[in-house]
Amino acid sequence: MIYPFRSPAEPTPRDSDPWFRALAETTSTAIFVYSDRVLYVNPATEELTGYIAEELLGQPPWFVAHPDHQALIRERVQGRLRGDPLPTRYEFKILTKDGRERWVDATSVMMVLDDVGTAAMVTAVDVTERKLAEESLRETNARLEKAQQAASESEERLRAMVEALAQEKELAQITLASIGDGVIRTDAAGIVDYLNPVAERLTGWSSAEACGQPVGQVFSVMDENTGKALPNPVERCLREEDVVELPGYSLLTRREGRDARDTRDVAIRDSAAPIRDALGRIAGCVLVFKDVTQLRGMEREMVYLARHDPLTGLINRREFEKRLQHCLATARDEARPHALFYLDLDEFKVVNDTCGHLAGDEMLKQVTGLLRSRLRKTDTLARLGGDEFGVLLEDTILEDARLVGDSLRTEVKRFRFAWQERIFEIGVSIGLVPITGESLDMAQVLSAADAACYVAKESGRNRMHEYQPDDSALAERYGEMQWIHRIHKAFAEHRFFLYQQSIHPLHNLGDEPPLCEIFIRMVDEEGRIATPGAFIPAAERYHLIASIDRWVIHAAFVSLACRILSHGDETCFAINLSGQSIGDEYFLEYVLEEMELTGVEPTRICFEITETAAVGNLTQAMRFIEVLKKFGCRFVLDDFGSGLSSFAYLKNLPVDFLKIDGAFVRDMVSSPVQRALVESIHQIGQVMGLRTIAESVENRATLEALKEIGVHYVQGYGLSLPEPLG
């Protein structure tokens, strides 16, 4: 029951409720009662708002208020309920159920409700028509006032307009002279009447020399790819009477001296727009162009890096596969014979482990030059990864290919690599696959070459093995089955171990715990340590990587639990996962079970997922990340930047860290483009609230450059070597 608010001394007229309800139900005035929620509405309220009572009861008092007025109504409702001295009458807009805006004149009085306490009753009248009339009257008065003012001040305005036009012209001239783009203005016939200073510098013409000349004499452009002259954008703009923007980049012929032959090309982007007079007629044209020589150079270098290996300058695997695909097509369609070599350097690991990555990189550069010297210009040499190379011999019969392969093998065998008073002798194992019209698809041809190369290595190294269709059993025996057997045997004999490498903060990161990355190592049959690069690719190829990942998860969780229990270690483990494991629907369950069994705190775990694995299993990766993040795990997107699709996919992956690909970090001191890429990746991370980690930090100069950029963490041989996980 509801009753009007009275003072404590005044009796409450309980018998007045039927009278109140009868009045409320029959009046055309909207009435509603509220405390913190709407308690009562009458039929007039339903008619005004378009909502039935059941839709309004229990809603906040400002439920139907227009979004522009909701904050005001909320403040007044809350103030009234607190007893603040606020206005009891006010006007505001509401939004009806069908989306119409209505104005209401509302009056509010305080009340007492049984079992509720202080409340308020509001009566509201629709005043929309009055508001519209008032607004119309105001607009009419405003227009009348403006017309009167315009009539009385026409002479003054005309004088002001003349002054303003003069000032505007002066400001326009100053602006054109100060902007960073070149600007040329012509009349309707295409005759130049103005050049700004940037246009003078880019064209080689002074404004005094250019004025009065046809625009084609001053501004001449050609296609950067064909070298052919392009239509002058000003002439085309005047002819079509529309904005003209040439696609891509153009080359502007810049005059270097008085001699017409003394010129230089400048890469530009340009556009031309018509100038119209007050009647819309063409009065001239304005040409705006920008020097993009430096930007174009950076773009070309980025395209080059996307297709080439940054260390050796050779084409990379992706570009090599495109050319191999072309060879397969011409062999099939035109019966042209080709040959494919797969090369793997012998004893390269010895150089890397003995002298470090700098020595290994230098040796790869020298071997690249050596291989190039033995190949024709029409042959393709590529670095496929690590110490592996690919060679395509186009239009080469098998007999000639054998001679080339033997020549490459002999030349590498004769090569001696010197580093800090040490001399190293290496060799090369070569797999040869003839490419004919009967050759299978690219993946199978590459697999055959890889298998043939492995057979050559397993057969004693520094030799060439020619793949033939009937030796598949031999390749399988020495290739796939050999690795399968070795990995299974290592599991059975407990010859897998974990190593760790610290990830060092470059700045004070507050309460962030120490980080270290966890690596797996295998001890081979002869007691030597095998790095992941030796067996992980084979494990991934033959689908053993999921078993390795499970072993790493279990061993790392047990080790972390022991560390915490023994001496309260706060280190956070970064554990690498393969794409196959992420795509395994049962692997997520395994991780959660291991967390529960070992009692490891999820906040102490980071999972590293390579960009390639994440993009290749995007849906599974997103689910894997989302589930484990709910438990407190964090994620590192590893090798970020190695694929050109990085930024497109990043927004879909809720990771916490970006690990910048080492290929960019390693040469960033000597390469402005590499440094720019590192800066860009870090900036993207900053915008998205992610920490950045730079890997492959091997010297002080790189460390200082990363610190200057603001990268959060660094990792590499220049800071700490991997060591057994204690």
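At 1.4 Å probe size, put D400, D379 in order of accessible surface, largest to smallest.
D400, D379
Using the alpha-carbon atoms, what tilt in degrees (0 to 90, nearest 10) does helix 398-414 show relative to the longest principal axis of the chain?
Value to nearest ten degrees: 90.
Tell me whether the chain comes out rounded, prolate or oblate; compute the Cα gyration tensor, take square roots of the eigenvalues as a ≥ b ≥ c, and use a/c under 1.5 as the rounded threshold.
Oblate is the answer for the chain, as a/c is 1.5 or above yet b/c matches or exceeds a/b.
Apply the a/c threshold of 1.5 to the C-alpha gyration tensor of the stretch 185-259 and tell me whether it is rounded, prolate or oblate.
Judged from the Cα gyration tensor, the stretch 185-259 comes out oblate (a/c at least 1.5, b/c at or above a/b).
So, with a 1.4 angstrom probe, what is the percent of accessible area on the stretch 179-291 that is carbon and sulfur?
C and S fraction of accessible area: 48 percent.
In the stretch 212-284, which trypsin sites (Lys or Arg not before Pro) fall in coil by DSSP and have 13 or fewer other Cβ atoms within 10 Å?
Within the stretch 212-284, the qualifying trypsin sites (Lys or Arg not before Pro) (loop, at most 13 other Cβ atoms within 10 Å) are K228, R258, R261, R281.
Give me the percent of DSSP beta bridges within the stretch 517-613 that run antiparallel, rounded to the nearest 5.
Expressed as a percentage, antiparallel bridges in the stretch 517-613 total about 20.
Which loop-located GluC sites (Glu not before Pro) does the stretch 526-610 contain, where loop means any DSSP state but H, G, I, E or B and the Cβ has at most 13 other Cβ atoms within 10 Å?
Listed in order of number, the matching sites are E526, E570, E585.
Looking at this model, which pairs from K365/K489; K322/K349; K489/K630; K630/K659; K365/K651 are more than 27 angstrom apart at the alpha-carbon?
K365/K489; K322/K349; K489/K630; K365/K651
By how many degrees, between 0 and 90 and to the nearest 10, does the Cα long axis of helix 17-26 differ from the longest principal axis of the chain?
80 degrees
Loop only per DSSP, at most 14 neighbouring Cβ atoms within 10 Å: give me the GluC sites (Glu not before Pro) in the stretch 428-468, ordered by residue number.
E438
Using a Förster distance of 22 angstrom, determine the FRET efficiency expected from the C-beta separation of R82 and Q59, and round it to 0.05.
With R0 = 22 Å, the Cβ-Cβ based efficiency is 0.60.
Separation between the E334 and E411 pseudo-spin-labels, each 7 Å from Cα along Cα→Cβ, expressed in nm?
Reported label-point gap for E334 and E411 is 2.5 nm.
Quick one: ranking C562, C453 by accessible area, 1.4 Å probe, largest first, what do you get?
In descending accessible area the options line up as C562, C453.
What shape does the stretch 652-726 take by its C-alpha gyration tensor, where a ≥ b ≥ c are the square roots of the eigenvalues and a/c under 1.5 counts as rounded, a/b above b/c as prolate, and the rest as oblate?
Since a/c reaches 1.5 but b/c is at least a/b, the shape of the stretch 652-726 is classed as oblate.
With n ≥ 4 as the cut-off for DSSP H runs, can you work out [θ] at 222 nm for the chain, using -39500 (n - 2.57) per run divided by the number of residues, rounded to the nearest 500?
-13500 deg cm²/dmol
Using the alpha-carbon atoms, what tilt in degrees (0 to 90, nearest 10) does helix 357-373 show relative to the longest principal axis of the chain?
Taking Cα atoms only, the helix is inclined about 60 degrees.
May I ask you to list the aspartates and glutamates whose Cα is less than 14 Å away from that of K290, ignoring any residue fewer than eight positions away on the same chain?
Here the aspartates and glutamates satisfying the reach criterion relative to K290 are D181, E200, E245, D265, D270.
Just tell me which lysines come within less than 19 Å, Cα to Cα, of K131; anything on the same chain fewer than 8 places away is out.
Straight-distance partners of K131: K93.
The values are calculated or read from the model by the stated rules, or taken from the named source; none is laboratory data. Small disclaimer: the values here were computed from a predicted structure and weren't measured. Positions of Cβ are generated from backbone atoms using ideal geometry, with glycine treated the same way; all protein chains shown enter the neighbour counts. Side chains included, ligands, DNA and RNA excluded: accessible areas come from the protein's heavy atoms. Shrake-Rupley method; radii C 1.70, N 1.55, O 1.52, S 1.80 Å.
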